[in-house]
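A.B. asks: Below are the structure tokens for one structure; questions will follow.
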Amino acid sequence: MGCGCGLVGLLIAKAVKGVQLVGVDSHSRAIEAANLNAQTLGVGAEMILADSGTPARMDGTFDVFVGNPPYYSDYRIADVFLETAKRALKPGGVCYTVCKNAAGLEPVQKRYFPEVEIIRRRSYAVLKSVKQEA
Ligand SMILES: C[S@@+](CC[C@H](N)C(=O)[O-])C[C@H]1O[C@@H](n2cnc3c(N)ncnc32)[C@H](O)[C@@H]1O
């Protein structure tokens, strides 16, 4: 989610066989760039223009959610990202968000997922959560 030019999802789809990629962004130019990059890399993907996450028909269907939510708006956009992650993932599915400041994002992620593991990578933090089984 917040796929921008699609880089993160496209690299995953290149690295992992059989991935069905869906990208979401609220900016039409991002979706245009993501579609162009998917085409250039030969990756089949559905890129969706939306500002409130994946459509309801996709709820509970994803194994993995990835995103680096914007920091501005006092984490209100991060909240939309994480609400989508919880709704879109299957039970047992994994949510990864990435940010510079884990202290800011962790409490938001904890509103949706009780457990948040923080994985440090250079100057970034990856926040990993697993959606609980029903
Ligand atoms: C930090 S950038 C992520 C860039 C992306 N990882 C890339 O490789 O290009 C955050 C992205 O979130 C998008 N965004 C902001 N608000 C959004 C919303 N409500 N729903 C979906 N995407 C949103 C922005 O348009 C931007 O592309």
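A.B. asks: Looking at the range 72-79, is at least one residue surrounded by 20 or more Cβ atoms within 10 Å (Cβ to Cβ) and closer than 20 Å to Gly9 by Cα?
C.D. replies: yes
A.B. asks: Just the residues that are touching a helix residue (DSSP H, G or I) at 6+ places or on another chain (Cβ under 8 Å), farther than 18 Å from Gly93 by Cβ and small (Gly, Ala, Ser), please, taken from the range 4-50.
C.D. replies: Gly4, Gly6, Ala34, Ala38, Gly44, Ala45
A.B. asks: Being in contact with a Leu (Cβ under 9 Å, 6 or more places away or on another chain), assigned to a helix (DSSP H, G or I) and of a type in the set (A, V, I, L, M, F, W, C) narrows it down to one residue among Ala38, Ala103; which is it?
C.D. replies: Among Ala38, Ala103, only Ala38 is in contact with a Leu (Cβ under 9 Å, 6 or more places away or on another chain), assigned to a helix (DSSP H, G or I) and of a type in the set (A, V, I, L, M, F, W, C).
A.B. asks: To continue, here is another question. Write out, first by first residue and then by second, each pair whose Cβ atoms fall under 8 Å of each other, whose residues are 6+ apart or on separate chains, and whose first residue, in the range 23-37, is in contact (Cβ under 8 Å) with a residue 24 or more places away in the chain while the second is more than 6 Å from the ligand (Cβ to nearest atom) and among the polar types (S, T, N, Q).
C.D. replies: Within 8 Å, the pairs are Val24/Thr54; Val24/Thr84.
The rows are residues; the columns are (1) at pLDDT 95 or above; (2) surrounded by fewer than 13 Cβ atoms within 10 Å (Cβ to Cβ); (3) out of contact with any strand residue (DSSP E or B) (no Cβ under 9 Å at 6 or more places or on another chain).
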| site | (1), (2), (3) |
| --- | --- |
| Met1 | yes, no, no |
| Gly4 | yes, no, no |
| Gly9 | yes, no, no |
| Ala13 | yes, no, no |
| Lys17 | no, yes, yes |
| Arg29 | yes, yes, yes |
| Asn35 | yes, no, no |
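A.B. asks: Run down Leu82, Leu41 and say which single residue is within 15 Å of the ligand (Cβ to nearest atom), assigned by TED's automatic domain parsing to the domain that holds Gly6 and at pLDDT 95 or above.
C.D. replies: Numbers: Leu82 fails: assigned by TED's automatic domain parsing to the domain that holds Gly6.
Going through Leu82, Leu41 in turn, the sole match is Leu41.
A.B. asks: Looking only at the range 61-83, which residues are in a helix (DSSP H, G or I), under 18 Å from Val126 (Cβ atoms) and touching a Gly at 6+ places or on another chain (Cβ under 7 Å)?
C.D. replies: Tyr75, Phe81
The values are calculated or read from the model by the stated rules, or taken from the named source; none is laboratory data. Nothing here was measured: the structure is a model prediction, and the numbers come from that model. Please note: Cβ atoms are built from the backbone with ideal geometry, for glycine as well, and neighbour counts cover all protein chains shown.
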